[in-house]
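First the structure, in the form of C-alpha cells, and then the observations on it.
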Amino acid sequence: MIILLTNDDGIYAEGIQILGETLLQEEDFNLYIAAPDHERSATGHAITMHRPLRAEEVKFLHNSYLKGWSINGTPADCVKLAVEYLMPRKPDLVISGINRGANLGTDVLYSGTVSAAIEATILGIQSFAVSLTAYENPDFRFAANFLLRLIKKIKDHKLPEKTLLNINVPAVSRRQIAGVAITHLGIRQYRNAFQKRIDPRGRSYFWMAGEIDESADEEKGSDVNAVKNGYISITPVHFDLTNYKLIEELRNINWEI
C-alpha cells in the first residue's frame, strides 16, 4: 500500500514524524511525505497560483526509510503537487496529520489539515484527516497506533467517492478513552474572537484569538460532544455542499428573467 502523509503543522512537526515512524512498522506500507515548509494552520483549501512552488527533498536523520518533500505552499498544494508530479504513482491512501489540536465541527471549513484530505478525495484517493485534541505536551503515539489499526480494519472497505474520514483523538491516556464514536459535524463557536491592540504609532490592530464556547454544541452524536465525553470521533465528511432537499423547492419557483 502506498501512503502519502501530509499536514498543516509543517514537515518537521512531531505529529507527522511519529505517524510516519509508526506506519513504517508495516512492511507492506510504502510511505511518502509532502508537507508545508512551515506551519500553515487555518489556511482552508487555498492553493497557490501567483508564485512558483518549490519542493525540496528532505532526509529524516532519525529514519532513513522516510522519503519526503518540503513544499513552500499550502496543505492542498502539497497533496496536489505530490500526487500529480512528485510521486512515482498515485497513492492508495492520503493521511493528513497528526494535527496538534482539534479539528471539530464547523472548524473543518478553516482547517488546512482537513482541506489536504479533501484535496485527496477530489483526486479520487481515499483519505483521513487526523487530529489530537491537545496543544500542551501532546503525546501522538496512541493516535498513531490507533491509525495503524484503523488502516488494517478498513483497507478492504473502500470509502464512497468524495468522502473522507475526519478523526479526532481526545488528549487523554488510553485507559481514559471511552471508545470510538461515529459522529456528524457539530458546531464550534468562540467568545471574544478578536483582541484590539494599539501599535507604537497609536493605530489600532487586531489579533484573532477567542475562547471556545463549550456549551455551543451539546447535541448527542456530534463530534464535539463525543470528544468532550472521551470518545475518539470518526466523522465521514462529504465535500459536496449542495442542499439537495432545497433543489426541488427552488425548481418550483417561477424564475422570471
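Look through Ile167, Ile187 and report the one residue that is modelled with pLDDT under 90 and surrounded by 15 or more Cβ atoms within 10 Å (Cβ to Cβ).
Working: Ile167 fails: modelled with pLDDT under 90.
So the residue among Ile167, Ile187 that is modelled with pLDDT under 90 and surrounded by 15 or more Cβ atoms within 10 Å (Cβ to Cβ) is Ile187.
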Enumeration of residues in region 21-51 that are closer than 22 Å to Pro88 by Cα and out of contact with any helix residue (DSSP H, G or I) (no Cβ under 9 Å at 6 or more places or on another chain): Leu24, Glu27, Asp28, Asn30, Asp37
Residue among Ser127, Ser222, Ser115 that alone is touching a Leu at 6+ places or on another chain (Cβ under 6 Å) and surrounded by 13 or more Cβ atoms within 10 Å (Cβ to Cβ): Ser127
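If I ask for residues that are among the hydrophobic types (A, V, I, L, M, F, W, C), surrounded by fewer than 24 Cβ atoms within 10 Å (Cβ to Cβ) and touching a residue at least 60 places away in the same chain (Cβ under 8 Å), which ones from region 75-101 would you list? Give the derivation first.
Pass one, region 75-101, residues among the hydrophobic types (A, V, I, L, M, F, W, C): 76, 78-79, 81-83, 86-87, 93-95, 98.
This time we only want the ones that are surrounded by fewer than 24 Cβ atoms within 10 Å (Cβ to Cβ), so: 81, 83, 86-87, 93.
Within region 75-101, Val83, Met87, Leu93 meet the criteria.
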Strands (runs of 3 or more DSSP E) wholly inside region 152-257 that include at least 3 residues being among the polar types (S, T, N, Q): 163-169
Any hit, region 191-206, residues being touching a helix residue (DSSP H, G or I) at 6+ places or on another chain (Cβ under 8 Å) and either modelled with pLDDT of 95 or more or among the small types (Gly, Ala, Ser) (or both): no
Every pair of residues 6+ apart whose Cβ atoms lie under 7 Å, when the first sits in region 136-152 and is within 13 Å of Ala171 (Cβ to Cβ) while the second is surrounded by fewer than 17 Cβ atoms within 10 Å (Cβ to Cβ): Phe140/Glu14; Phe142/Arg174
Looking only at region 55-82, and only at residues there that are hydroxyl-bearing (Ser, Thr, Tyr) and part of a loop (DSSP other than H, G, I, E, B), the one that is modelled with the lowest pLDDT: Ser64
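Being under 17 Å from Arg100 (Cα atoms) and assigned to a strand (DSSP E or B): is that true of Leu5 here? Walk me through it before giving the result.
Values: under 17 Å from Arg100 (Cα atoms): yes; assigned to a strand (DSSP E or B): yes.
For Leu5, the condition - under 17 Å from Arg100 (Cα atoms) and assigned to a strand (DSSP E or B) - is met.
The values are calculated or read from the model by the stated rules, or taken from the named source; none is laboratory data. This structure is a prediction, so every number in the text was calculated from the model and none was measured. Cβ: placed from backbone, ideal geometry, glycine included. Neighbour counts: every protein chain shown.
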